[in-house]
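The values are calculated or read from the model by the stated rules, or taken from the named source; none is laboratory data. These figures come from a predicted structure and were not determined experimentally. In this analysis, Cβ positions are derived from the backbone assuming ideal geometry, glycine residues included, and neighbour counts consider all displayed protein chains.
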Amino acid sequence: MSTLSLTTLDDVMSYPGMSTVSDADKDWLETLIRMFTVRAEAYTHREFYEEERIRQFSSDGRLMQIQLPAFGKATNVLSLVEQAPDRIFGAGTEIDLSNFYFSHTTGLLTYEYGPFVRGIGSIQVTWTGGLGTAPEHVPADLRAAAVMQVAYWWQRRNEIGVEERRYKEGAIIKVPSKMSFIADVEEVLDTYEVII
């Protein structure tokens with residue numbers, strides 16, 4: 001599975017205060033960009049890179065909708081196949097594409113004459129989906145969020161993994177901290193989140 005970088009090194013370098021980053025440190029910034037992308041996908045429960053996928057989904061016998069993990073404006077559902085009683089996806093088990101509806105904004109595939117057949121991995125969907133294949137395809141708000149977060153991590157690189165806690169008595173204790181998203185970035189990611 002490929003990964004779509006949600007921003008570029010040039011984008012990050014143009015962020016205020018980032019133009020002084022040395023050439024020797026640019027590899028580390030590229031690593032932070034990749035890390036943001038992976039964490040953003042985990043946070044939103046989505047896959048951003050646009051490519052053809054084949055996945056199996058399970059149904060309890062009442063399921064009429066499937067949440068595809070990769071979707072966008074150019075998503076194209078190629079086939080939907082239900083498992084035959086002999087647990088094989090084969091001729092005669094494909095559902096006519098006119099019998100389901102796909103929402104490009106939610107990633108939901110709805111079977112209009114459902115429910116889907118019951119079983120673990122009983123539905124197989126083949127589709128092309130995602131936001132794109134290059135940072136230029138990433139929506140502006142998501143791309144800007146990536147820049148802000150990567151710049152934030154970079155500017156606080158010496159504090160990663162350490163958090164200070166101050167107490168009334170004047171004591172300062174350093175404790176491990178996680179690399180959380182900043183609030184503005186989290187708000188943007190929330191708009192891309194898939195509720196699973």
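Miscellaneous remarks
So that you can scan it fast, the table gives a plain yes or no per residue for (1) in the same structural domain as ASP184 (by TED's automatic domain parsing); (2) modelled with pLDDT of 95 or more:
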{"position": "THR110", "(1), (2)": "no, no"}
{"position": "LEU142", "(1), (2)": "yes, yes"}
{"position": "GLN149", "(1), (2)": "yes, yes"}
{"position": "ILE160", "(1), (2)": "yes, no"}
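- Among the conditions (1) in the same structural domain as TYR111 (by TED's automatic domain parsing); (2) surrounded by 15 or more Cβ atoms within 10 Å (Cβ to Cβ); (3) not small (Gly, Ala, Ser), ASN76 misses just one, which is (2).
Yes/no matrix, rows are residues, columns are (1) under 16 Å from ARG53 (Cα atoms); (2) modelled with pLDDT of 90 or more; (3) not assigned by TED's automatic domain parsing to the domain that holds ILE123:
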| position | (1), (2), (3) |
| --- | --- |
| GLY72 | yes, yes, no |
| ASP86 | no, no, no |
| GLY90 | no, no, no |
| TYR101 | no, yes, no |
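- Some residue of region 59-69 being under 16 Å from ALA145 (Cβ atoms) and in contact with a Phe, Trp or Tyr (Cβ under 9 Å, 6 or more places away or on another chain): no
- Subset of region 3-47 (residues that are assigned to a helix (DSSP H, G or I) and among the aliphatic types (A, V, I, L, M)): LEU9, VAL12, MET13, ALA24, LEU29, LEU32, ILE33, MET35, VAL38, ALA40, ALA42
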